[in-house]
Amino acid sequence: MIFLRRQVPLLITLITGLVFAGQYYVPHPASEQMLTSVTKWLQIIGGFALVLGVSSLFHVHAVKIRRKEAGWGYSFVLYVGMLGTIAIGLWSNGKEAVDGAMTAFGWIYNFMMVPLQSTMFAILAFFIASAAYRSFRARSREAAVLLIAAVIVMMGRVPLGEYLIPLSGDLSQWILNVLNASVRRAILIGVSLGTVALSIKIIFGMERSYLGGGKE
Amino acid sequence: MTFTERMLKIDRRIIFLVIGLCTLLPLLYPVGLPIKISQEVRGVYDHIESLPEGSTFLLSLDFDPASKPELHPQSISLLHHAFRKKLRVIALTLWVSGTGMADQVVTQVAREMGKENGKDYVFLGWSPGGTAVIINMGQDLYGAFPADYNGKPTKGLPVLQGVQSLRDVNYAVSLGAGRPGVEEWYVFGRDKYKFELGGGCTGVMAPGLYPLLRSGQINGLIGGLRGAAEYETLMDQKGKAIAGMDAQSATHLAIIVLVIMCNLFYFSSRSRARQQGQAGA
């Protein structure tokens, strides 16, 4: 059993990892055909992952409701919402509108999901303003630099700021294009090198945490 | 408790009220300050302008309703521009929760511009797999999307004539609110299949995409509501983004004033505490 649980996944990872790392550099039609087939598999697996995710969500909340854990009422609401949406979605054939007429699924989408998600995001503006007032203080030199940069960018990104301080637009562009881009690029290169190192470790079986820690 | 201490511990509901008023009042009484066009936004606009009639334009609407205020105006402007230039539009989304919204915006703008589904544009909908969908489209577009959002087979659609994969797309723009988004379209799409790519994103994401912009990996970037307003200005078409700029100006200014005030109170209370400490010693 250890062979099936450990060696086989490691072997699959090693072979597919090496083959597809090499595939990028081989433009032969056979190599391209292989990539086409595999990406189709990936799409199919992606669909199954969605089913797995939904069923796992159902399971977690079913346990919460059965045990009457704290906040089980929310789990119940989630159950009702999800089952209701799935049923109506299937009934509407997954379409929000048919020939310009809104379906029941479209009604849920347009009048529940869209305003709820938009509201959640819009609330952020209020909390950001409150958090900025409470914590954006020049306690050190570094904090002062951050504060000045933030004020310049905030001024330069809106017409009123550019109207009051005409230089703020160009200054904010310079901060974004030069300072921000160079630091971001350095971080990006670091992250990419880390990803390459981690990929090599996974391909050659040095990193095995993805196999899980079940009993052998 | 002194005045400065009281101000430092101000009730947050007052801040919420200030921000609420700064958003609401400019929407009710717009000022309409001039909007300066940045090079990033002009990059996308100029590239679409340079495309000859009948070119293939791919628009990936990779966002959900949470980012609607910023990315919806961007998609409207881009679709208007593409249809005005008589480009063949291929739209899709990599975000399942944005499918309905993407379908609505594409259908609405196409109807306004008198465009025909299947002939002038197609909405492919959503397909599972995220970045795998991009690679699959790069290999074989019909394999990734055998049918469009309405279930019509994609093979044989006049709008897709001569398009086998992403290699045949003249210009692609991803309007992304996260992952998968602009960066994934570059890494898994443009890098391998060599098509020209532009981007659009929310305001908070824009600084993170500047390295791609500066290195030419994307040829333009529409950042947030400001970017959308710039595009509307270029299109000479007043929309929701231009209308929202006054509100954004006011809230930015309010936050700057709040930050300056809090720092003044902070330094004032700190120097007072220092003076009291010296007097005590």
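The values are calculated or read from the model by the stated rules, or taken from the named source; none is laboratory data. As the structure is a computational prediction, the values presented were derived from the model and not from experiment. Counting neighbours? That spans all protein chains shown, and the Cβs are built from the backbone with ideal geometry, glycine included.
The table below lists the values:
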read-out	value
Candidates B:G138, B:G203, B:G227, filtered to the one that is outside any helix (DSSP H, G or I) and in contact (Cβ under 8 Å) with a residue 12 or more places away in the chain	B:G203
The listed residue being more than 26 Å from A:F48 (Cβ to Cβ) and buried (at least 19 other Cβ atoms within 10 Å of the Cβ), out of B:A132, B:A110	B:A110
Condition met for B:A247 (out of contact with any strand residue (DSSP E or B) (no Cβ under 6 Å at 6 or more places or on another chain) and either facing chain A (nearest Cβ under 7 Å) or farther than 23 Å from A:A132 by Cβ (or both))	no
Residue tally, condition of a type outside the set (D, E, K, R) and within 26 Å of B:T233 (Cβ to Cβ), over the range B:81-129	19
Only one of B:L124, B:L71 that is over 18 Å from B:A228 (Cβ atoms) and either crowded, with 22+ Cβ neighbours inside 10 Å or of a type in the set (D, E) (or both)	B:L124
Per-region count, the range A:35-80, residues within 14 Å of another protein chain (Cβ to nearest Cβ) and either over 30 Å from A:Y24 (Cβ atoms) or out of contact with any Asp or Glu (no Cβ under 8 Å at 6 or more places or on another chain) (or both)	19
Candidates B:Y210, B:Y231, B:Y193, filtered to the one that is in contact with a Pro (Cβ under 9 Å, 6 or more places away or on another chain) and at pLDDT 90 or above	B:Y231
Matching option when the condition is touching an Asp or Glu at 6+ places or on another chain (Cβ under 9 Å), surrounded by 12 or more Cβ atoms within 10 Å (Cβ to Cβ), more than 9 Å from chain B (Cβ to nearest Cβ) and in a helix (DSSP H, G or I), among A:L171, A:L198, A:L160	A:L198
Sole exception among (1) part of a helix (DSSP H, G or I); (2) touching a residue at least 12 places away in the same chain (Cβ under 8 Å) for A:G205, by number	(1)
Total residues in the range B:24-45, condition part of a helix (DSSP H, G or I), surrounded by fewer than 20 Cβ atoms within 10 Å (Cβ to Cβ) and either within 13 Å of chain A (Cβ to nearest Cβ) or in contact (Cβ under 8 Å) with a residue 12 or more places away in the chain (or both)	6
Residues of the range B:164-185 that turn out to be in contact with a Leu (Cβ under 7 Å, 6 or more places away or on another chain) and surrounded by fewer than 20 Cβ atoms within 10 Å (Cβ to Cβ), as a count	3
Selection from the range B:141-169 of residues that are away from chain A (no Cβ under 11 Å), under 11 Å from B:I90 (Cβ atoms) and part of a loop (DSSP other than H, G, I, E, B)	B:D148, B:T154, B:L157, B:V163, B:V169
Residue in the range B:71-92 that is more than 30 Å from A:E162 (Cβ to Cβ), more than 9 Å from every other protein chain (Cβ to nearest Cβ), in a loop (DSSP other than H, G, I, E, B) and at pLDDT 95 or above present	yes
